[in-house]
Amino acid sequence: MSATTAPESAAALAATVRTGERTAVEVTRSHLDRIESDQTRLNAYTLIVAEAALAAAAEVDAVVAAGDDPGPLAGVPVAVKDLIDQEGLPTTAGSGFPQAPAAADAPAIARLREAGAVLVGRTGLHEFAFGFSSENHWYGPVRNPWDLDTSPGGSSGGSAATVAARHVPVALGTDTGGSIRVPAALCGVFGLKVTHGRVPLTGVFPLAASLDTVGPIARSCEDLSLAYSVIAGHDPADPWSSPRPVAVRETPASVARCRFVVPHPWVDRALDTATAAGWEWWLEALREAGAIVADRDIPELEFPGMVSEAMYPEVAAVHRRRFAASPDRYGPEVRTRVEMAVAADMDAYFDGLAWRNRMREAALNALGDADILTTPAVAGLRKQIGVDTMDIGGSAVSYRAALSCFSAPVNHLGFPALAAPLALPGTPPASVQLIAGPWAEDALLALGRGLEDAGLVAVRSPAGDG
């Protein structure tokens, strides 16, 4: 790709717009051209807002022309999961229900606009964000740019696919059980799940409020950090939001002497061939880079634990009335799962909350003398569209279990986690998960940048152009 059409990093694009080297309109138009040319192939968007995006870009250019700074994301094209409110646009949640246009921007969206970002479209997702494939009954499947016959993961599949395809440098997703990290892994890009309460949930269609998070997907940890610094922070309208100050580190962290805990038996489950090879390479590469890698038994973290029991009653609270009135407006797969949620046992829910607390205490103890917990990001990388199982170690395994086994428990911890693609061959390459203690996004992202500098993690393009 030429320099005028390739989406560079968000930081680099903002710098060129801020100095007047390129206009935001030029940048936006080149990105929209690529988005629109790929839409039939990837189906990454439920809505492309070209006219509004170019108008917003023109406003950024007017600020630059006046000698003012449009913000840290000046002219940067950003895609938004169709679960997060944008004023004047319907939030479909990937569902079959008609939706009125949103009356106001969600805080995360308002903060992007204030930072100079240009919002180019609404990305496709698993219906109501309740799944891991983004094979949507109403909008059709989102396709993985590495292999169009495979799923990009979910539920934020469109956001990960559009970043991997180099349409935009940054996209927003949501993560309740892995919905940012799973598609980031399957599409070979970076994805950040924040500490619960770090980014406001106001204006975000809920799945399970005590687990829901909003976060960025990007092609570098620098861009993740930039987007995170913009959207994070307290919102008094969100009862889950924390007033704790947001910290951001400007420099990468050294991998040498960083301590990594490998939790057993959590990591001992079967993996597909590419993931198993990548995981083995990762642990050895950490040691060679001077990191301390320690195996530890933490049985409380074993999957599935009580992931469903501690979540389903919250899903039922969102959907019970809607489902009772219009069950046929739910796609077949999600309808079955919502039925299960509505039938959930409240005694089991309270048992699940107790399990959640035990697991959190065990994880905090493990992190007491370590910087990071690490696992594979997913158990397998190839989920064939239209097939409900994945080949994991020669066995057919439910795709939901294969994709969520390492991510879902982290939402019950509430901790931040990063999915990062390994600097290895593969289509896509294997991905690992890094888990930090609560509110430690700054340390996690600084470590991610250090791992990039050390050549352990990196993003490649499905098109082979870098």
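If SER151 meets every condition in (1) open to solvent by 10 Å² or more (accessible area, probe 1.4 Å); (2) touching a Ser or Thr at 6+ places or on another chain (Cβ under 7 Å) apart from one, which number is that one?
All conditions are met except number (1).
So if I check each of ALA24, ALA12, which one is within 15 Å of GLY116 (Cβ to Cβ) and without any contact (Cβ under 8 Å) to a residue 12 or more places away in the chain? Spell out the reasoning first.
Values: ALA24 fails: without any contact (Cβ under 8 Å) to a residue 12 or more places away in the chain.
Criteria check complete, one pass: ALA12.
For LEU54, indicate whether it is open to solvent by less than 10 Å² (accessible area, probe 1.4 Å) and part of a helix (DSSP H, G or I).
So LEU54 does not fit the description; no.
Give the residues of the stretch 425-461 that are surrounded by fewer than 19 Cβ atoms within 10 Å (Cβ to Cβ), assigned to a loop (DSSP other than H, G, I, E, B) and in contact (Cβ under 8 Å) with a residue 12 or more places away in the chain, sorted by residue number.
Listed by number, the residues that qualify are GLY426, THR427, GLY455, ALA458, SER461.
Inspect the stretch 394-406 for any residue being closer than 23 Å to ASP223 by Cβ and buried (at least 24 other Cβ atoms within 10 Å of the Cβ) and give the result as yes or no.
Keep residues of the stretch 394-406 that are closer than 23 Å to ASP223 by Cβ, which gives none.
No: the stretch 394-406 contains no residue that is closer than 23 Å to ASP223 by Cβ and buried (at least 24 other Cβ atoms within 10 Å of the Cβ).
Determine, yes or no, whether PRO98 is at pLDDT below 95 and in a loop (DSSP other than H, G, I, E, B).
Working: at pLDDT below 95: yes; in a loop (DSSP other than H, G, I, E, B): yes.
For PRO98, the condition - at pLDDT below 95 and in a loop (DSSP other than H, G, I, E, B) - is met.
Would you be able to tell me the number of residues in the stretch 365-384 that are open to solvent by 40 Å² or more (accessible area, probe 1.4 Å) and within 23 Å of the chain's Cα centre (by Cα)?
Taking the stretch 365-384 and keeping what is open to solvent by 40 Å² or more (accessible area, probe 1.4 Å), we get 365, 368-369, 371, 382, 384.
If we keep only those that are within 23 Å of the chain's Cα centre (by Cα) too, we end up with 371, 382, 384.
Residues flagged as open to solvent by 40 Å² or more (accessible area, probe 1.4 Å) and within 23 Å of the chain's Cα centre (by Cα) within the stretch 365-384 amount to 3.
Being under 23 Å from SER225 (Cβ atoms) and either in contact (Cβ under 8 Å) with a residue 60 or more places away in the chain or buried (at least 24 other Cβ atoms within 10 Å of the Cβ) (or both) is the filter here, so list the residues in the stretch 57-69 that pass it.
Listed by number, the list holds a single entry, VAL60.
What are the residues in the stretch 27-47 that are part of a strand (DSSP E or B) and either open to solvent by less than 50 Å² (accessible area, probe 1.4 Å) or among the aromatic types (Phe, Trp, Tyr) (or both), if any?
Of everything in the stretch 27-47, those that are part of a strand (DSSP E or B) and either open to solvent by less than 50 Å² (accessible area, probe 1.4 Å) or among the aromatic types (Phe, Trp, Tyr) (or both) turn out to be TYR45, THR46.
Pairs needed: first member in the stretch 254-267, closer than 15 Å to ALA294 by Cβ and in contact (Cβ under 8 Å) with a residue 24 or more places away in the chain; second member anywhere, of a type in the set (Ser, Thr, Tyr) and buried (at least 20 other Cβ atoms within 10 Å of the Cβ); C-beta distance under 7 Å; at least 6 residues apart or different chains.
Note: pairs meeting the criteria are PHE260/THR374; VAL262/THR374; PRO263/THR375; TRP266/THR375; VAL267/THR375.
Specify the residue that is nearest to SER225 (Cα to Cα); the eligible residues are those in the stretch 251-273 that are in a strand (DSSP E or B) and among the hydrophobic types (A, V, I, L, M, F, W, C). Walk me through it before giving the result.
Going through the stretch 251-273, the residues in a strand (DSSP E or B) turn out to be 259-264.
Now restrict to residues that are among the hydrophobic types (A, V, I, L, M, F, W, C): 260-262.
Details: PHE260: 21, VAL261: 24, VAL262: 25 Å.
Checking each candidate, the answer is PHE260.
Could you please tell me which pairs satisfy a Cβ distance under 6 Å, a separation of 6+ or placement on different chains, a first residue in the stretch 294-317 that is modelled with pLDDT of 95 or more, and a second residue that is of a type in the set (D, E, K, R)?
GLU300/ARG358; ALA310/ARG356
Find the strands (runs of 3 or more DSSP E) located wholly in the stretch 278-397 whose residues include 1 or more that are small (Gly, Ala, Ser), and list them.
292-297
Which of (1) surrounded by fewer than 18 Cβ atoms within 10 Å (Cβ to Cβ); (2) under 22 Å from the mean Cα position of the chain (by Cα); (3) closer than 28 Å to ALA341 by Cβ; (4) of a type in the set (Gly, Ala, Ser) is the odd one out, the single condition ALA247 does not satisfy?
Only one criterion is unmet by ALA247, namely (3).
Select, from ALA115, ALA74, the only residue that is open to solvent by less than 40 Å² (accessible area, probe 1.4 Å), within 19 Å of LEU172 (Cα to Cα), under 21 Å from the mean Cα position of the chain (by Cα) and of a type outside the set (S, T, N, Q).
Answer to the selection: ALA115.
Could you run through the stretch 207-244 and say how many residues are within 16 Å of the chain's Cα centre (by Cα), free of Cβ contacts under 8 Å to residues at least 60 places away in the same chain and in a loop (DSSP other than H, G, I, E, B)?
Summing the residues that are within 16 Å of the chain's Cα centre (by Cα), free of Cβ contacts under 8 Å to residues at least 60 places away in the same chain and in a loop (DSSP other than H, G, I, E, B) in the stretch 207-244 gives 1.
Pairs, please: C-beta under 9 Å, at least 6 apart or cross-chain, first residue under 15 Å from THR46 (Cα atoms) and open to solvent by less than 10 Å² (accessible area, probe 1.4 Å) and in the stretch 82-108, second among the polar types (S, T, N, Q) and at pLDDT below 95?
Close Cβ pairs satisfying both conditions: ALA93/GLN99.
State whether one or more residues within the stretch 112-126 are part of a loop (DSSP other than H, G, I, E, B) and more than 25 Å from ALA161 (Cβ to Cβ).
No, the stretch 112-126 contains no residue that is part of a loop (DSSP other than H, G, I, E, B) and more than 25 Å from ALA161 (Cβ to Cβ).
Report whether or not SER229 is modelled with pLDDT of 95 or more and open to solvent by less than 20 Å² (accessible area, probe 1.4 Å). Before you say what the answer is, go through the steps one by one.
On the way: modelled with pLDDT of 95 or more: yes; open to solvent by less than 20 Å² (accessible area, probe 1.4 Å): no.
Answer is no for this residue.
The values are calculated or read from the model by the stated rules, or taken from the named source; none is laboratory data. Just so it is clear, the model here is predicted, and its values are computed rather than measured. A quick note on method: Cβ atoms are made from the backbone with ideal geometry, for glycine too, and the neighbour counts reach across all protein chains shown. When the accessible area is computed, the model is the full protein with side chains, heavy atoms only, and any ligands, DNA or RNA have been set aside. Shrake-Rupley method; radii C 1.70, N 1.55, O 1.52, S 1.80 Å.
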